[in-house]
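Engineer: Pasting in a structure now, in structure tokens, and then I'll have a few things to ask.
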Amino acid sequence: MNDTLAGLLQVGALIAALALVYRPLGAYLARVFTSERDLRVERVVYRLVGVDPRTDQAWRTYAVAVLAFSFVGVLALYGLQRVQSHLPYSLGFTDVDPALAFNTAASFVTNTNWQAYSGEATMGHLVQMAGLAVQNFVSAAVGLCVAIALIRGFVRSRTGRLGNFWVDLTRGVVRVLLPLAFVAAIALVITGVVQNFSSGTDATTLAGAHQTITGGPVASQEAIKELGTNGGGFYNANSSHPFENPTPISNILEIFLLLVLPVALTRTFGIMVGDLRQGYAILATMTVLWGVLLAAVWAIETAHPTPGFNLAGAAMEAKETRFGVPGSSLFAVSTTGTSTGAVNSFHSSFSPVSGGLLIFNMGLGEIAPGGVGSGLYGILVLAILTVFVAGLMVGRTPEMLGKKITAREMKLVALSILTMPLLVLGFTALALALPGPRESILNAGPHGLSEVLYAYMSGANNNGSAFAGLSANTTFYNVTIGIAMLVGRFVPIVLTLALAGALARQAPVPRTGGTLPTNGPLFVGMLTGVAVIVAGLTFFPALALGPLAEGL
């Protein structure tokens, strides 16, 4: 069987698996967040934190709860790292440097999981489990909460109430992430991912050298790392490490895990707004973007336009032979499109144009299909922009799902869309302008620009993957990328909640013959075009100076 056929079978199996769970999982998520019934364990949690589960919150209260919970998470994770040497299961590791500890705390609380350190040589088992893994659950649940709150903004009318953050958070963890991650961890162990508390295994390399390979609770962290679109690996090599991702079967399973919740949430959206076709339209847009980028990256990596690539049969540098170009391209496009940040190959070694496409994929705003929750609310913000543009074209007040899109809503949409590019381009320019940060760049010329651009694109979009080459464990990069992660996560969240509150206060308007349908092929085409144009106009100059210049 040749690589192309094997790759097509992998893609087919992945799509079939996602289609199989799409309806039941999407319906289950809708029931979770609309049910009036609380589980016993949830009632215990509410009593412990003093929450009345029947009290709805206005958008400001909901936003304050999100920010306060996340702020406490940053402080707790920072503290754990700073006292690591005094904790059990530290494996003899020292306390983490303050700047790196800040960066890591911001990274995991924002669902980014950018890692400027080598996991197996920096973090002990307790910090991995009680710090990083816990944030993998709750940071994903926060994104889920915001998406559900925005859906309620469309559904509700004449009220500013969006639900209760503490209830949504608890249900997201207890009813969704914990049970799914438990099943996923068992499946990963079956495929060969390690799960132990070993301090290390002695091994002899092919060259005769001796090394100790750290073990640990890898499968349990790997499960939520992918399922929650987190991406931070137990090992520095991430999902290219055979302890994290040993076989092509585990590779497809991990890709399935990082796609399944963002994809299923489109059906949840359709169910909650009372029109399944709305969810299908959003899913179709996500699929078109994902499919086109996958085809392009796969084709370029297989084209082998140079003698070296011809000898290897494809662009195989920094790719695992057990995955090949198809498995590596599929993973790369899926991880850069879902804010996951896990990698099974190193993107810096992809062909220049392929690397540029991966950067562009993040530049779309992580909407193809995006992170858990964040992908859905991100593409819905773009959908509102799309109906606004359509309204201008025909001279009508734009409407979406029975809600008018007024100047207030458009200001919130514009600010949300502009936040990420300002962070990416601003910090990239600063890093290239100062002599100190430039010393961290491994490669000169356009590739060096790509290293820095990718780092801030990954941080501000809460992706977390690295281009490789850039030595990012410096005070400058730890602090600036940390700021980019925090601002890139929480400013759009607050603006999205404000948008949801504004929509919820409106009275529904009747649908007329001039209302743009948002559930058909025309809208899918328009939304896809708006997403590509916004990202293209914003980032094309930087991409032209980096990966495109290198490719030419």
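Engineer: Looking at segment 418-459, which of its residues are assigned to a loop (DSSP other than H, G, I, E, B) and under 22 Å from Pro352 (Cβ atoms)?
Structural biologist: Those that are assigned to a loop (DSSP other than H, G, I, E, B) and under 22 Å from Pro352 (Cβ atoms): Ser440, Ile441, Leu442, Asn443, Ala444, Gly445.
Engineer: Does any residue of segment 460-477 turn out to be out of contact with any strand residue (DSSP E or B) (no Cβ under 8 Å at 6 or more places or on another chain), in a helix (DSSP H, G or I) and open to solvent by 30 Å² or more (accessible area, probe 1.4 Å)?
Structural biologist: Looking for residues that are out of contact with any strand residue (DSSP E or B) (no Cβ under 8 Å at 6 or more places or on another chain), in a helix (DSSP H, G or I) and open to solvent by 30 Å² or more (accessible area, probe 1.4 Å), one finds at least one in segment 460-477, hence yes.
Engineer: In the list Gly92, Gly79, which residue meets the criterion of being on the phi > 0 side of the Ramachandran plot, among the small types (Gly, Ala, Ser) and surrounded by fewer than 19 Cβ atoms within 10 Å (Cβ to Cβ)?
Structural biologist: Gly92
Engineer: Let me ask you something else. Looking at segment 56-66, can you tell me whether even one residue there is closer than 22 Å to Ile224 by Cβ and either part of a loop (DSSP other than H, G, I, E, B) or at pLDDT 90 or above (or both)?
Structural biologist: Yes, segment 56-66 has at least one match.
Engineer: Applying the selection to segment 447-456, what residues are buried (at least 24 other Cβ atoms within 10 Å of the Cβ), aliphatic (A, V, I, L, M) and either touching a Gly at 6+ places or on another chain (Cβ under 6 Å) or at pLDDT below 95 (or both)?
Structural biologist: Leu453
Engineer: Among (1) surrounded by 13 or more Cβ atoms within 10 Å (Cβ to Cβ); (2) over 29 Å from the mean Cα position of the chain (by Cα), which single condition is Leu48 missing?
Structural biologist: Here Leu48 meets the rest and fails (1).
Condition check ((1) outside any loop (DSSP other than H, G, I, E, B); (2) crowded, with 20+ Cβ neighbours inside 10 Å) across all residues:
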{"site": "Gly488", "(1), (2)": "yes, yes"}
{"site": "Val491", "(1), (2)": "yes, no"}
{"site": "Leu495", "(1), (2)": "yes, yes"}
{"site": "Gly501", "(1), (2)": "yes, yes"}
{"site": "Pro508", "(1), (2)": "no, no"}
{"site": "Thr512", "(1), (2)": "no, no"}
{"site": "Phe523", "(1), (2)": "yes, yes"}
{"site": "Leu527", "(1), (2)": "yes, yes"}
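Engineer: Can you spot a residue in segment 43-62 that is of a type in the set (Val, Ile, Thr), over 24 Å from Thr159 (Cα atoms) and without any contact (Cβ under 8 Å) to a residue 12 or more places away in the chain?
Structural biologist: The answer is yes; a qualifying residue exists.
Engineer: Evaluate segment 191-208: report whether one residue or more is touching a Ser or Thr at 6+ places or on another chain (Cβ under 7 Å) and of a type in the set (A, V, I, L, M, F, W, C).
Structural biologist: Yes, the conditions are met somewhere in segment 191-208.
Let's see how each residue does on (1) out of contact with any Ser or Thr (no Cβ under 8 Å at 6 or more places or on another chain); (2) of a type in the set (A, V, I, L, M):
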{"site": "Phe256", "(1), (2)": "yes, no"}
{"site": "Leu261", "(1), (2)": "no, yes"}
{"site": "Ala264", "(1), (2)": "yes, yes"}
{"site": "Val288", "(1), (2)": "no, yes"}
{"site": "Thr321", "(1), (2)": "yes, no"}
{"site": "Pro326", "(1), (2)": "no, no"}
{"site": "Ser334", "(1), (2)": "no, no"}
{"site": "Pro352", "(1), (2)": "no, no"}
{"site": "Ile359", "(1), (2)": "no, yes"}
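Engineer: Can you tell me how many residues within segment 395-417 are assigned to a helix (DSSP H, G or I) and over 25 Å from Gly279 (Cβ atoms)?
Structural biologist: The qualifying residues number 5.
The values are calculated or read from the model by the stated rules, or taken from the named source; none is laboratory data. Note that this is a predicted model, so its numbers are computed, not measured. Counting neighbours? That spans all protein chains shown, and the Cβs are built from the backbone with ideal geometry, glycine included. Side chains included, ligands, DNA and RNA excluded: accessible areas come from the protein's heavy atoms. Shrake-Rupley method; radii C 1.70, N 1.55, O 1.52, S 1.80 Å.
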